[in-house]
Amino acid sequence: MDGNATLTFAILIALVCCSAFFSAAETAYTCLNRVRLKNLANSGNKRAEKVLALSEDYDRLISSILIGNNIVNILSTSLATVLFVQLLGSSGVTVSTVVMTVSVLLLGEVAPKSIARVRNEKIAFAFYPVLSFIVKLLRPLNFLMGCWQSLIGRMIKDDAEHGVTEEELITMVEEAESDGEIDEHESELIRSAIEFTDLCVEDILTPRVDIVAVDVEATEAEIAAQFAESGFSRLPVYEENVDDIIGILHEKDFYRSRGRTGVREMMTTPICVMPTTRLSVLLKLLQRQKGHMAVVMDEYGGVTGIVTLEDILEELVGEIWDEHDEIVEEFKRLPDGSCRVQCGANLDDLLDIFGLKKEYESVTVNGWVLEEMGTFPQPGDTFDCEHLHVTVEQVDKRRVTQILVEPREKPETEE
């Protein structure tokens, strides 16, 4: 091999290294965590500020990298063809094609991109000075590429929506959890916050039949007994019947003013909302009016139920228990694989646990049972729903309170 061939071979190695540089830079800046970069920049890291500024001008950066990568790849292929033709004659073209394809693919693309995907931040910081110079050097070509891109953009209109949907946000959270960037508790909090705006009052209300309230004409002894028996710190006050709730009585106000004023003077004006009111709207309303309980009214003026501030917060942070709460396991797995379900549970939880695909109008498991059976059941009645066999175990007045769910093998779907 003469001196010219040796020089050409050295140039080829340098060009493959340049190809690896551009490939690594492309992957590093594409995978860069910009949130972390902003935090570093805000904490006073000057290099992070510069890298962030370069990454935010993403179109120009990627255009410069692609131009540089294509130049070195084309140049290396041309030089390799000339070198191998000189050394091997007519068969040099084939040998050059094989050698350069393998070299560029393995050394110039796969290896550097794999490394850059894992070490993206370190590589982005290390490559910044050279990339910054290349972006400035190729500014004229980038201007021409920008004009060409604008022309293509006018010819082909982009009708796609670029906003991030709720489903995409949840997928991002799940990926962050699987990658170990956030733990399971943090993931649940974020998902709850994302889904919070979709929830309505009717999804979490305590139904009318479960409301613990006091008559405005009740004696102080009766009211004190109701507070002690229920364990609640606030009770709705009604006149004549529960459909006419006229106030909310706080336990502290009752005992502080007991014997000196009547119940009407102790209670506060109730906040009334509709079942379709969004929880986010109700939360702001309660904050603005410094309330902790809202009365849910139907379209006919009757009471549908009540919602407390604790109910709303539990949708964000999970169940909040205090020393007076009776812990009820809504879904209890049994050794034989069946599940005992309390029918006050949310229907969406049951659908998620057992993988049911059908949509229902009901909110609670009790409503689902009535909807499926079409009549009011008695203990021992059964029905099948998809791959589930359901047995009614307990009934209280006009409600189903407990069922036994026995999953069966899902039938194979026909293609």
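Taking only protein heavy atoms and a 1.4 Å probe, the accessible area of the stretch 31-178 is 63% carbon and sulfur. Straight-line cross-link partners of Lys332 among the lysines, defined as a Cα under 22 Å from its Cα and at least 8 positions apart when in the same chain: Lys357, Lys410. Between Thr6 and Val98, the C-beta separation translates, for a Förster distance of 25 Å, into a calculated FRET efficiency of about 0.70.
Taking the DSSP beta bridges with both ends in the stretch 201-346, the antiparallel portion is around 75 percent. Quick check for you: which residues of the stretch 205-239 have the amide N under 18 Å from the point 7 Å beyond the Cα of Ser192 toward its beta carbon? Within reach of a label on Ser192, which here means backbone N under 18 Å from a point 7 Å along Cα→Cβ, the stretch 205-239 contributes 205-206. Compared with the direct C-alpha span, the chain from Glu174 to Ser90 gains 24.6 nm at full extension, assuming 0.36 nm per residue.
Note on the chain: dipole from Cβ charges, positive end direction compared against Leu249, Ala14, Ala126; the farthest Cα belongs to Ala14.
The alpha-carbon of Lys46 sits under 23 angstrom from the alpha-carbons of these lysines, leaving out residues fewer than 8 places away in its chain: Lys38, Lys122, Lys136. Put a dot 7 Å past the Cα of Ser280, heading toward its Cβ, do the same for Arg256, and the two dots end up 3.5 nm apart.
The apolar share of the surface of the stretch 356-415, taken as the fraction of accessible area on carbon and sulfur atoms (1.4 Å probe, ligands and nucleic acids excluded), comes to 42 percent.
Assuming charge only on the beta carbon of Lys and Arg (+1) and of Asp and Glu (-1), the dipole of the stretch 167-285 about its Cα centre is about 1180 debye to the nearest 20. Ranked by solvent-accessible area (1.4 Å probe, protein heavy atoms only, all chains present), the residues Arg408, Arg278 order from largest to smallest as Arg408, Arg278. Here the spin labels are modelled as points 7 Å beyond Cα on the Cα-Cβ line, and at Ile353 and Lys122 they lie 4.7 nm apart.
Only helical runs count toward this figure. For the chain, summing -39,500 (n - 2.57) over DSSP H runs of n ≥ 4 and dividing by all residues gives -17000 deg cm²/dmol at 222 nm.
Using R0 = 60 Å, the C-beta based FRET efficiency linking Gln394 and Val35 works out to 0.75.
The long axis of helix 120-137 is offset from the longest Cα principal axis of the chain by roughly 50 degrees. For a straight C-alpha distance cut-off of 19 angstrom, the aspartates and glutamates reachable from Lys50 (same-chain residues fewer than eight places away being disregarded) are Glu26, Asp59, Glu121. With Cα atoms defining each centre, the stretch 325-383 and the stretch 232-304 are spaced 30 Å apart in the structure.
With a simple spin-label model that places each label point 7 Å from the Cα along the Cα-to-Cβ direction, the separation between Glu329 and Glu314 comes to 1.8 nm.
Does anyone have the angle between helix 3-31 and the longest principal axis of the chain? Alpha-carbon axes, 0 to 90°, nearest 10? Tilt relative to the chain: about 10 degrees. Full extension of the segment from His387 to Ala225, taken as 0.36 nm per residue of separation minus the current Cα-Cα distance, would add 53.6 nm.
The values are calculated or read from the model by the stated rules, or taken from the named source; none is laboratory data. Keep in mind that this is a model prediction, so the values were computed, not measured. Positions of Cβ are generated from backbone atoms using ideal geometry, with glycine treated the same way; all protein chains shown enter the neighbour counts. Quick note on the areas: whole protein, heavy atoms, side chains included, nothing else; ligands and nucleic acids left out. Shrake-Rupley method; radii C 1.70, N 1.55, O 1.52, S 1.80 Å.
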